[in-house]
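Notes for the one structure printed next.
Throughout, read-outs are computed from the coordinates displayed, never taken from laboratory work. None of the values given here were measured: they were computed from a predicted structure. So basically every Cβ, Gly included, is an ideal-geometry build from the backbone, and we count neighbours across all protein chains shown.
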Amino acid sequence: MNRAIVCVILMTVLAAGSVLALVNIRSGTEDVISLIDEVIESSEAGSSRTDELIAELEEEWQQEYKRMSFFVQAGILNDISNAVAKLSDMHKSGSDGFTAECRGIREWVRLIFETQLPRMNSLF
């Protein structure tokens, strides 16, 4: 009987930890995605605030990188970091690919959360 109780407690702790990790990842990805959307809108409107928003995005991403690195593989996080680091130079040079790069980063960040969701399709 004691083993069953310990097993139930361990399973509950694991489930709670998983849910907390998903909530943490979701809040981080939503924050970064909203900032990316602001950067895209500002850039398309020709606003002078775009450089400021890019700097804010870089800071936010660095914080989220540290937080998500506990739960997500480093490969995709590093790819996003490299892309975010290029945004400022791309915008200053007036690159045609700036908006496409922002949308690509947005999709990568969205996929971080999507890939962490338990699908239960590979159990059987």
Fill in: Binned Cα-Cα distance frequencies in the chain - 10 Å width, integer %
12, 38, 25, 14, 8, 3, 1
Practice prompt. Give the relative contact order (percent, whole number) for the chain; include only Cα pairs under 8 Å separated by 6+ residues.
Written response: 32 percent
Discussion item. Quick one: 3J(HN,Hα) in Hz for the range 53-64, Karplus 6.51/-1.76/1.60 with θ = phi - 60°, rounded, Gly and Pro as x.
Written reply: 5, 5, 4, 5, 4, 4, 5, 4, 5, 4, 5, 5
Fill in: Inter-site label distance for Ser18 and Ile33 at 7 Å from Cα along Cβ, in nm
2.2 nm
Item to complete: Could you work out the equivalent-ellipsoid semi-axes for the range 1-61, taking the square root of 5 times each eigenvalue of the Cα gyration tensor, largest first, in whole Å?
Response: 45, 8, 4
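What is the magnitude of the charge dipole of the range 38-124 about its Cα centre, with +1 placed on the Cβ of each Lys and Arg, -1 on the Cβ of each Asp and Glu, and no other charges, expressed in debye to the nearest 20?
Dipole of the range 38-124, to the nearest 20 debye: 420 debye.
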Discussion item. Per residue of the range 21-34, what does 6.51 cos²θ - 1.76 cosθ + 1.60 with θ = phi - 60° give for ³J(HN,Hα)? Whole Hz please, x for Gly and Pro, Karplus curve as stated.
Written reply: 5, 5, 5, 4, 5, 5, 5, x, 5, 5, 4, 5, 4, 5
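Can you give the longest stretch of the chain with no exposed loop site, where a site means trypsin sites (Lys or Arg not before Pro) in a DSSP loop (not H, G, I, E or B) with at most 16 other C-beta atoms within 10 Å?
Numbers: sites that count: Arg49, Arg119.
With a cap of 16 other Cβ atoms within 10 Å, the longest stretch comes to 50-118.
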Response to the item:
HN-Hα couplings for the range 84-100 via Karplus (6.51, -1.76, 1.60; θ = phi - 60°), in whole Hz with x for Gly/Pro, come out as 5, 5, 7, 4, 4, 5, 4, 5, 5, 7, x, 4, 5, x, 4, 5, 5
Discussion item. Can you compute the helix-only [θ] at 222 nm over the chain? Use -39500 (n - 2.57) per DSSP H run of at least 4 residues, normalise by all residues, nearest 500 deg cm²/dmol.
Written reply: -29000 deg cm²/dmol
Worksheet item: Which listed residue (Ser88, Ser18, Leu77) has the Cα farthest towards the positive end of the charge dipole for the range 1-103, taking +1 on Lys and Arg C-beta and -1 on Asp and Glu C-beta about the Cα centre?
Response: Ser18
